[in-house]
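Undergrad: Mind looking over this structure? Questions follow.
No lab work stands behind these numbers, since they all come straight from the coordinates. No experiment lies behind these values; they were computed from the predicted model shown. Heads up, the Cβs are rebuilt from the backbone with ideal geometry, glycines too, and the neighbour counts pull from every protein chain shown.
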Amino acid sequence: MSAIAKLLSIGLDVRTDVAVQAIRRNDDRWHVEDAGGAMYGAFDALIVTAPPLQTLALVDGHSPVMAEAISSVRMSPCWAVIIQLTETLQVAFDAAFIHESPLAWIARNDSKPQRQIGNCWTLHATEDWSRGHLDESADDVTRTLVHEFWHAVAQPTQLPGFVAGHRWRYARPIDLLPQRFLLDPAIRLAACGDWCGGPRIEGAFLSGLAAANALLNGAGERVCQTYRIEVVDQEDKFQ
Ligand SMILES: Cc1cc2nc3c(=O)[nH]c(=O)nc-3n(C[C@H](O)[C@H](O)[C@H](O)COP(=O)(O)OP(=O)(O)OC[C@H]3O[C@@H](n4cnc5c(N)ncnc54)[C@H](O)[C@@H]3O)c2cc1C
């Protein structure tokens, strides 16, 4: 999943596993403070790409206009489970919307192009069910959703080879911002993500591109307008 981002980041100084606690502005430059108190910077400009609530916590106090816009965005949660079966599931579909169930959607993961066949399914709970069970343990939620999966596919239960549940607290934007990104040009602070202008991976990508272009346009530069991404083979190569 991360192959494209990894390739785009080649040659860049990328720090991962850093929880940003605060952003500070001194002498017209940005400084970033992590949860352990370490400081990064100084930077000419800053783009925050966290979900809206975390973005709000960072930009609040720096840009009232941005903070007000971000406050209007709400995200819905989603409990998701991945399950690896030991025997092929005998069903005539690769994906299904499930009705009248805690499950909203199930999909056979290994039927996607270039996957190794391994009877792997992903399960998504409904928004309402996820919200109502948000603080339950991953083990309890996984047990319930796997039970519902067997009920939905109407097949004899199997002991899974592997199963794991994941709580996505900020999974999908409910109220999108109409604009592709937020920018406070006076302090060169921007925010973007799938909650700006359009959801899902495509929305996040277009939002990030638009924010970068807007910041660089002020400096007379341009990233580019379009990317053409083409999977060449299975070894993470693309153009
Ligand atoms: C279960 C599930 C399945 C999905 N399936 C699909 C699909 O099939 N196709 C599709 O197009 N989209 C899918 N989506 C949506 C897609 O994952 C999102 O639209 C996309 O990841 C949004 O990208 P983003 O960069 O805006 O935000 P995110 O991917 O949410 O990235 C934000 C990042 O900010 C980090 N962060 C937050 N606060 C801080 C902080 N203080 N300091 C440092 N880092 C911080 C977070 O850890 C996170 O890594 C799915 C989403 C879910 C939940």
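Undergrad: Identify the residue in the range 167-179 that is assigned to a loop (DSSP other than H, G, I, E, B) and under 18 Å from GLN54 (Cα atoms) and, among all such residues, is farthest from the ligand (Cβ to nearest atom).
TA: ASP175
Undergrad: Take the conditions without any contact (Cβ under 8 Å) to a residue 40 or more places away in the chain, surrounded by 14 or more Cβ atoms within 10 Å (Cβ to Cβ) and closer than 19 Å to ASP94 by Cβ and apply them to ARG115. Does it pass?
TA: No: the conditions fail for ARG115.
Undergrad: Also, quick follow-up: For the range 22-63, which fully contained strands (runs of 3 or more DSSP E) count at least 3 residues that are free of Cβ contacts under 8 Å to residues at least 60 places away in the same chain?
TA: Of the strands (runs of 3 or more DSSP E) lying wholly inside the range 22-63, those with at least 3 residues that are free of Cβ contacts under 8 Å to residues at least 60 places away in the same chain span 29-34, 39-43.
Undergrad: Still on this structure, I have one more. Across the range 44-59, which residue is farthest from SER76 (Cα to Cα) among those that are within 10 Å of the ligand (Cβ to nearest atom) and touching a helix residue (DSSP H, G or I) at 6+ places or on another chain (Cβ under 9 Å)?
TA: VAL48
Undergrad: Pick from the range 180-209 the residues that are within 12 Å of the ligand (Cβ to nearest atom) and part of a strand (DSSP E or B): which of them is nearest to the chain's Cα centre (by Cα)?
TA: CYS196
Undergrad: Turning to a different aspect of this structure: If the requirement is being under 30 Å from PRO52 (Cα atoms), assigned to a loop (DSSP other than H, G, I, E, B) and either within 14 Å of the ligand (Cβ to nearest atom) or touching a residue at least 60 places away in the same chain (Cβ under 8 Å) (or both), which of these qualifies: LEU123, LEU159, LEU134, LEU145?
TA: Just a single option satisfies the conditions, and that option is LEU134.
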